[in-house]
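Below is one structure; the comments refer to it alone.
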Amino acid sequence: MATLEKDQMLSLAESVVAVALRKGAAEAEAYVYEGQSINTGIERGQVTKGNKIVDRGLGIRVIVNRAVGFAYTNTIEEQNTVEETVLRALSAARASKPDPDWRGLAEKKPYSVAEKIYDTKILELRAEDLVNVAFKMLDAATTVDKRVFPVEGGVGAVYLSNAIANSSGIEGFDQGTIIECSLATVAKEGSKVTPVCFEFNAERSYDIDANWVGKEAARLAVSALKTERIETKNTKLILTQFALQDLLYFTLINALKADNVQRGQSALKGKIGEKVTSENITIYDDGLFPGGLRTATFDGEGAPHQKTLLIEKGILRNFLYDNYTAKKENKASTGNAVRAGYLSTPFIESTNFHIIPGEATAEELISEVDDGLIIYYLQGAHSSNPVSGEFSVVATPAWKIKKGEITRCSRGVMLAGNIFEALNNVSALGSNERKMGQLIAPWLLVENVKVIGK
Amino acid sequence: MEEILSKLNEIATQKFGAEYAEARAQKLNKAMLTLKEGRVEAAKQGIEKGVALRVLVNGAWGFASVGSFNAESLMSAMADACRMAKIASKRLKTRIKLADTKTVVDHVQLKPKKDPAEVQMEEKIKTTLTVNKAIIEYDQRIKSCTIDYMDLTGTSCFINSEGTCIKQDKLYVWARITAAAMLNGVFTFSREEIGSTEGYELFDNMLETISEKVAKRAVEQLSAKQPKGGKFPVVLGPNVVGVFVHEAFGHLAEADLALAGGVLADNLGKKIGSDLVTFYDDGTVNGAFGSYKYDDEGVPAQKTLLIKDGVVTGLMHNRETAQKFNAEPTGNARAEDFRVEPIIRMRNTYMAPRDYTFEELLEDIAFGYYFKSFRGGQANLDGTFQVGIQEAYEIINGELGAAVRNASISGSTLETLFKVDAVGKDFELAPGRCGKGQTAFVCDGGPHIRIREVLVGGNT
């Protein structure tokens, strides 16, 4: 991949800030982004496509009379377009209303080193290499069992870099790589089709196990062929990372965002120092987790990434802050401003949401369950109440655990409850930590969850 | 522009051995606002341009996207696309072919009453601020209100190697309004969206009613009770019917998902629902959020009948799946922008009305639920659906009772459609955004309906 140089991106960001100040901005910030990816796609059992996407752009935030204006462009090689974009940001700010709570852009602070996020081997990958990884994954899946049908999947190599500069002295450049392979499968037997099962492996360095992904996606689908109905009751659940990622993103993580707390739309408001989950739960937001999928040197405003203790043995310790919400409380940003590339202004999001693992192996956790369910994929987590944490979702499928062993699968099992009650009922955590999007977590064993069967 | 794009397609077919090539150049302008409790968080304006290139070589797809109109960059991107396809085709058993479609040369120009691109940012801020304040002041129990506003205008120029050349204006206006209320540790959350392809005038007309709806619901839900978990008869409002049609059936009727092991592939021509069930996916509803004239493969949008009186009559196709099913392309291939390839997406998906009044739907229910408005929904290829509800009421002896919060419904589509035993005579379409890797603007809707029995997720 031919990528933009660090100096090129930084000097563009700095020159934009200078132009904005000259044209009348009280403060200015420029964010230069480059994303490149090559992908190979699997559809209906075979590799059918390849793509290459190059996306570069510039986002400019200016402040005029305490009002914030933002403009972006994806034409960054032409000086006049860049200047026009500055003017559009200024005109947006001038059209807007002053914000009495605005207390300045982020200031420069020392950066820590973000480890294991950039691997030149990923940059050197060619389409041929990705196709070979895809073949390996497909072969692994189909040799498990003839009833397995790989529905879709793919292999992708991504390069991301960004540079930021602002009028408070921030300047930073960061680059990273990601490689990912994934496979969705169903198993078919006669007229019976299982729900879609899914596995993936994503890493920052070129170290993925396509063979495992293929085998595991196939194993899950085959194991979903044998079904059994489930009755309505309160029961034990093992939540795997798939279920946790979905559920926590729309409930707990929302409640931890300082913006939601300050605006009275978080059930955790006013609860710092109080017990909010069971004692065995400790959670960090760790923007520097080595090799984490969201690990970076700095956030979308140039504030340093850091490791923030959120919940310590069940006690709420902190919230996720960006520069704006932190200044409102005379605090420092926790480095949780993120951006959707150059297209958006920064907003609060967790980086790597790290639930500290426990001692139990996966097998031990399962063996502790006399009668319960293990949950992989959820439907409808996004329809949870983001303020109260109440959820009413469907597990498709859920596998039954009987006398310490996973048995048959049950379709369309509804789970209902409140995330804070569920986290209060966590009786054990696995040692099987895994990265999934922003989540780094083990399996959780949760007691007494309402399950509604057919 | 047309000349460069044609030249690119020519190079793909003549120099790189592509059997098909297309180029889609787009220029998009966006204006966006985020408001929170009477504060403008940021006023945003963006311009983006780029070209999507897609080719078939040896029966495999190659795709490249580049954020530039520079001829040299485009030539190199086209070479990349062809190379990606060639490499992907290495072990291909079934070559991809495209169904024939008429070549089209057209220029689609929109003439909105009020072009959002012509409306000053000041005016957009003034309008949204008024609504934001009205919601906050509606009741002191309302703690927060967020409004996200977006308008998108631009042009798309599509040219393929078969001679189709379509220039098409784009226009979308959209807003989402959310409010949260709190009382004695009970938190509620309420959401509405508005969206149109017609023009900015939508806002002047709709904002006031929408904001009152959002505020009223957030407050009313504070005293709502938890639903019972289990099977109950339910009446669904048009808004919930819409998302049910979209999630529980619509995705299964997307031909790519049907081919990927979805349950509908084996049910074409078969009866999968009661006689009262008729569904359409319609790209031609004037001004609706999911409407357009041509899709991103140059195929005209149409009104597609999916189920008639309970029998599956068709699927939503692109040219590739139409060829596989030996069907006509239905104009459902849509790409969010030039960064991505077109995939099969819904447009305006709805259930056709029949003859019941709302009171008649309720009158035979001793105990059940009226689900009026949804919060979200999701489906699985095996036909399991989930719809989360943000506004619900008990039905007791044929009358509406207490408000109910945080319910959801679930079931198997193929079983549930048979349980639709009464369909109302009213009709409403509501705008939304659908995620399938990319975001598409759509509408969902229908009349009120009654389902004899459905699984309700509840906490008590």
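The values are calculated or read from the model by the stated rules, or taken from the named source; none is laboratory data. Because the structure is predicted, anything quoted here is derived from the model rather than measured. Here the Cβ is made from the backbone with ideal geometry for all residues, glycine too, and neighbour counts use every protein chain on show.
Residues checked against (1) crowded, with 22+ Cβ neighbours inside 10 Å; (2) away from chain B (no Cβ under 14 Å); (3) touching a residue at least 12 places away in the same chain (Cβ under 8 Å):
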| site | (1), (2), (3) |
| --- | --- |
| A:Glu390 | yes, no, yes |
| A:Ala395 | yes, no, yes |
| A:Glu405 | no, yes, yes |
| A:Gly417 | yes, no, yes |
| A:Gly430 | yes, yes, yes |
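A single entry from A:Ile63, A:Ile53 fulfils the requirement of being out of contact with any Lys or Arg (no Cβ under 8 Å at 6 or more places or on another chain) and among the β-branched types (Val, Ile, Thr): A:Ile63. Against the condition basic (Lys, Arg), within 12 Å of chain A (Cβ to nearest Cβ) and over 22 Å from B:Gly195 (Cβ atoms), how does B:Arg450 come out, does it pass? No: the conditions fail for B:Arg450. Checked against the criterion of being out of contact with any Pro (no Cβ under 6 Å at 6 or more places or on another chain), within 13 Å of chain A (Cβ to nearest Cβ), surrounded by fewer than 24 Cβ atoms within 10 Å (Cβ to Cβ) and outside any loop (DSSP other than H, G, I, E, B), the candidates B:Leu414, B:Leu381, B:Leu400 yield just one match: B:Leu414. The single condition among (1) buried (at least 19 other Cβ atoms within 10 Å of the Cβ); (2) in the same structural domain as B:Asn9 (by TED's automatic domain parsing); (3) within 30 Å of A:Met414 (Cβ to Cβ); (4) aliphatic (A, V, I, L, M) that B:Val186 does not satisfy is (1). Restricting attention to segment A:39-85, the residues that are surrounded by 24 or more Cβ atoms within 10 Å (Cβ to Cβ) and part of a helix (DSSP H, G or I) add up to 1. Residues in segment A:193-224 that are away from chain B (no Cβ under 14 Å) and part of a loop (DSSP other than H, G, I, E, B) were compared, and the one that is nearest to A:Pro397 (Cα to Cα) is A:Asp209.
Listed conditions (1) within 11 Å of chain A (Cβ to nearest Cβ); (2) assigned to a loop (DSSP other than H, G, I, E, B); (3) farther than 22 Å from B:Cys157 by Cβ are all met by B:Lys44, apart from (2). Across segment A:354-382, the number of residues qualifying as under 20 Å from B:Gly230 (Cα atoms) and within 18 Å of the chain's Cα centre (by Cα) comes to 4.
Annotation for segment A:15-22: no member residue is touching a Leu at 6+ places or on another chain (Cβ under 8 Å), closer than 18 Å to A:Gly104 by Cα and in a strand (DSSP E or B). Annotation: B:Gly199 fulfils all but one of (1) assigned by TED's automatic domain parsing to the domain that holds B:Lys30; (2) of a type in the set (Gly, Ala, Ser); (3) modelled with pLDDT under 95; (4) part of a helix (DSSP H, G or I); the unmet one is (4). Against the test of being more than 14 Å from chain B (Cβ to nearest Cβ), touching a residue at least 12 places away in the same chain (Cβ under 8 Å), in contact with a strand residue (DSSP E or B) (Cβ under 7 Å, 6 or more places away or on another chain) and basic (Lys, Arg), the options A:Lys271, A:Lys275 yield a single qualifying residue, A:Lys275. For segment A:265-299, taking the residues that are of a type outside the set (A, V, I, L, M), assigned to a loop (DSSP other than H, G, I, E, B) and touching a Ser or Thr at 6+ places or on another chain (Cβ under 6 Å), the one that is nearest to A:Ser392 (Cα to Cα) is identified as A:Gln265. Select from segment A:136-148 the residues that are crowded, with 20+ Cβ neighbours inside 10 Å and not β-branched (Val, Ile, Thr) and write down the one among them that is nearest to A:Leu105 (Cα to Cα). Ranking the qualifying residues of segment A:136-148, first place goes to A:Met137. Within segment A:86-131, the residues that satisfy the criterion of being touching a residue at least 60 places away in the same chain (Cβ under 8 Å), at the interface with another protein chain (Cβ under 8 Å from one of its Cβ atoms), over 28 Å from the mean Cα position of the chain (by Cα) and surrounded by 22 or more Cβ atoms within 10 Å (Cβ to Cβ) are A:Ala89, A:Ala93. When the test is whether a residue is touching a residue at least 24 places away in the same chain (Cβ under 8 Å) and within 30 Å of B:Lys90 (Cβ to Cβ), A:Thr40 passes it. Of the residues examined, B:Thr128 is not one that is buried (at least 19 other Cβ atoms within 10 Å of the Cβ) and under 20 Å from B:Arg334 (Cβ atoms). For segment B:263-300, filtering for residues that are of a type in the set (Gly, Ala, Ser) and more than 18 Å from B:His251 (Cα to Cα) leaves 4. Starting from residues that are outside any loop (DSSP other than H, G, I, E, B) and out of contact with any strand residue (DSSP E or B) (no Cβ under 8 Å at 6 or more places or on another chain), keep the ones in segment A:313-346 and report whichever is farthest from A:Ala30 (Cα to Cα). Checking each candidate, the answer is A:Lys328. You will find that of A:Thr3, A:Thr40, A:Thr73, A:Thr48, the residue that is modelled with pLDDT under 95, among the polar types (S, T, N, Q) and within 30 Å of the chain's Cα centre (by Cα) is A:Thr3 and no other.
Among the residues making up segment B:181-196, those that are out of contact with any Gly (no Cβ under 7 Å at 6 or more places or on another chain) and either of a type outside the set (D, E, K, R) or part of a helix (DSSP H, G or I) (or both) are B:Ala181, B:Leu183, B:Asn184, B:Gly185, B:Val186, B:Phe187, B:Thr188, B:Phe189, B:Ser190, B:Ile194, B:Gly195.
Looking at segment B:255-365, the strands (runs of 3 or more DSSP E) lying wholly inside it that each contain 1 or more residues that are more than 16 Å from the chain's Cα centre (by Cα) sit at B:303-308. Within this structure, B:Pro329 fails the test of being away from chain A (no Cβ under 14 Å) and more than 18 Å from B:Lys97 (Cα to Cα).
Tell me, please, whether a residue that is more than 9 Å from every other protein chain (Cβ to nearest Cβ) and more than 30 Å from A:Gly69 (Cβ to Cβ) can be found in segment B:148-157. The answer is yes, given that some residue of segment B:148-157 is more than 9 Å from every other protein chain (Cβ to nearest Cβ) and more than 30 Å from A:Gly69 (Cβ to Cβ).
Look at segment B:47-62 and say how many of its residues are farther than 30 Å from B:Lys97 by Cα and either more than 9 Å from chain A (Cβ to nearest Cβ) or surrounded by 24 or more Cβ atoms within 10 Å (Cβ to Cβ) (or both). Of the residues in that region, 0 qualify. Here the condition is being farther than 29 Å from B:Arg24 by Cα, touching a residue at least 60 places away in the same chain (Cβ under 8 Å) and either surrounded by 17 or more Cβ atoms within 10 Å (Cβ to Cβ) or of a type outside the set (Ser, Thr, Tyr) (or both); of B:Ile96, B:Ile166, B:Ile159, B:Ile142, it holds for B:Ile142 alone. Restricted to segment B:421-441, and to residues there that are closer than 22 Å to B:Ile272 by Cβ and of a type in the set (A, V, I, L, M), the residue that is nearest to the chain's Cα centre (by Cα) is B:Val423.
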